[in-house]
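What follows is one structure encoded as structure tokens, with my remarks underneath.
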Amino acid sequence: MMNSLTLRRPDDWHLHLRDGAMLKGVLPETARHFARAIIMPNLVPPIVTGSQAMAYQGRILAALPEGAVFEPLMTLYLTETTDPADVVAAAQSGLIKAVKLYPAGATTNSHGGVRDLTRVYPVLEAMAKIGLPLCTHGEVTTPEVDIFDREAVFIDTVLDPLRRAMPGLRVVMEHITTAEGADYAAAGGPDLAATITTHHLIINRNHLLVGGIRPHYYCLPVAKRESHRQALRRAATSGLPCYFLGTDSAPHVDALKEHSYGCAGCFTATNTMPLLAHVFEEMQALDRLEAFTSLNGPGFYRLPVNEAQITLVKHEVPQVFPEKILTEAGPVTVFNPGYPVHWHVSL
Ligand code: DOR
Ligand code: ZN
């Protein structure tokens, strides 16, 4: 039985850090284990220009605990008025590593997102030319489409037509939650990849709804039925280069999660690596954890892999993780898998 595992230091290819007091409270949780993260731009107001991304990057670096080594990889929030020249300049200076597409209304702070995709074609053409990835929140927002079908319908009616119309555009399907998403990513060739969250490997929609509503399991895209969770577990542990970790760790204070109109997001920054070790061990794929967390992401983003390492250790006794992170914005509940976890990152 393997009880210790040393990996290249992982990266998180999809992370929400927010700003101000929340940023200060949650950033140490990611920087403790991760070398880099793709930082989501859905602040209020969103990060839409290169100069806003540069200022936000400065605020993230300023919020790092002393001695922490962590590189925020910045993104821009795509709008129908995004200037292609600004995107290209921000990419060519090395500041941004991707642009994020939120269909308007799909999730937290997405009302400024894109309604008519053809209006952003000039931006997407410029991105295709320079190889800058488009990160997609892959859900349609059409009210008639059932929330559990929104990802599959997005693939058929938005993503696939877009990729045919825009050859060469590099796309990351963010936080896939379905077998359809996993299959589409695997068949897409070198310009298509998919991130998978920690929580979608652990919960299905029963965890969210059976025996009482569990607001800390509510996220978007919403967790699907068990067969989809199983497909995601096979994908993440497959070792295929198109799949890599994007936690989508998305902090909201408890008062806004435990609310009659609760916010979407699971906060997994604190315990993601032990949880993944648990899942990969269950799948008898611990030898593929490094590909998922530390190799496939840099491969797709054309960045060097990390030289530093971390070691995961499996202990006899279940490990204790904090139930909440106490930020100056308020308490944030840490994702609880609902079972004991014996893995721990030894620092
Ligand atoms: O659960 C989610 N939370 N999904 C998203 O797409 C956005 C995120 C957030 O920003 O809270
Ligand atoms: Zn997200």
Limited to segment 177-214, what total is found for residues that are under 22 Å from Gly131 (Cα atoms) and part of a loop (DSSP other than H, G, I, E, B)?
5
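Restricting to segment 86-105, what's the tally of residues that are away from ligand 2 (no atom under 16 Å from the Cβ) and touching a residue at least 12 places away in the same chain (Cβ under 8 Å)? Talk me through it step by step, then tell me what you get.
To start, the set of residues in segment 86-105 that are away from ligand 2 (no atom under 16 Å from the Cβ) comprises 86-96.
So of that shortlist, the ones also touching a residue at least 12 places away in the same chain (Cβ under 8 Å) come out as 86-93, 95-96.
Within segment 86-105, residues that are away from ligand 2 (no atom under 16 Å from the Cβ) and touching a residue at least 12 places away in the same chain (Cβ under 8 Å) number 10.
What are the residues in segment 27-53 that are part of a helix (DSSP H, G or I) and buried (at least 16 other Cβ atoms within 10 Å of the Cβ), if any? Break it down into steps so the answer makes sense when it comes.
Applying the first criterion (part of a helix (DSSP H, G or I)) to segment 27-53 yields 27-31, 50-53.
Hits for segment 27-53 are Leu27, Pro28, Glu29, Thr30, Ala31, Gly50, Gln52, Ala53.
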From the list Thr108, Thr82, Thr141, which one is out of contact with any Leu (no Cβ under 6 Å at 6 or more places or on another chain), of a type in the set (Ser, Thr, Tyr), more than 16 Å from ligand 2 (Cβ to nearest atom) and part of a loop (DSSP other than H, G, I, E, B)?
Thr82
Restricting attention to segment 54-79, and to residues there that are in a loop (DSSP other than H, G, I, E, B) and more than 16 Å from ligand 1 (Cβ to nearest atom), which single residue is surrounded by the fewest Cβ atoms within 10 Å (Cβ to Cβ)?
Glu66
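Residue-by-condition table, conditions (1) of a type in the set (Lys, Arg); (2) in a helix (DSSP H, G or I); (3) under 24 Å from Leu132 (Cα atoms):
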| site | (1), (2), (3) |
| --- | --- |
| Phe292 | no, yes, yes |
| Gly299 | no, yes, yes |
| Leu303 | no, no, yes |
| Ile310 | no, no, no |
| Val313 | no, no, no |
| Pro318 | no, no, no |
| Leu326 | no, no, no |
Can you find, within segment 8-17, the residue that is nearest to the chain's Cα centre (by Cα) among those that are over 11 Å from Met273 (Cα atoms) and surrounded by 22 or more Cβ atoms within 10 Å (Cβ to Cβ)?
His14
Using beta carbons and a limit of 6 Å, which pairs, at least six apart or on different chains, have the first residue in segment 293-310 and within 20 Å of Ala68 (Cβ to Cβ) and the second one polar (S, T, N, Q) and outside any helix (DSSP H, G or I)?
Gln309/Thr6
Of all residues in segment 111-123, how many are within 16 Å of ligand 1 (Cβ to nearest atom), touching a residue at least 40 places away in the same chain (Cβ under 8 Å) and either crowded, with 21+ Cβ neighbours inside 10 Å or part of a strand (DSSP E or B) (or both)?
0
If we ask which residues in segment 248-267 are in a loop (DSSP other than H, G, I, E, B) and more than 11 Å from ligand 1 (Cβ to nearest atom), their number turns out to be 5
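Answer with yes or no whether Leu208 is surrounded by fewer than 22 Cβ atoms within 10 Å (Cβ to Cβ) and either more than 16 Å from ligand 1 (Cβ to nearest atom) or without any contact (Cβ under 8 Å) to a residue 40 or more places away in the chain (or both).
Details: surrounded by fewer than 22 Cβ atoms within 10 Å (Cβ to Cβ): yes; either more than 16 Å from ligand 1 (Cβ to nearest atom) or without any contact (Cβ under 8 Å) to a residue 40 or more places away in the chain (or both): yes.
Spelling it out, Leu208 is indeed surrounded by fewer than 22 Cβ atoms within 10 Å (Cβ to Cβ) and either more than 16 Å from ligand 1 (Cβ to nearest atom) or without any contact (Cβ under 8 Å) to a residue 40 or more places away in the chain (or both).
Bear in mind that the values in this text are calculations on the coordinates, not laboratory data. Note that this is a predicted model, so its numbers are computed, not measured. Glycine gets a Cβ as well: all are built from the backbone with ideal geometry, and neighbour counts include every protein chain shown.
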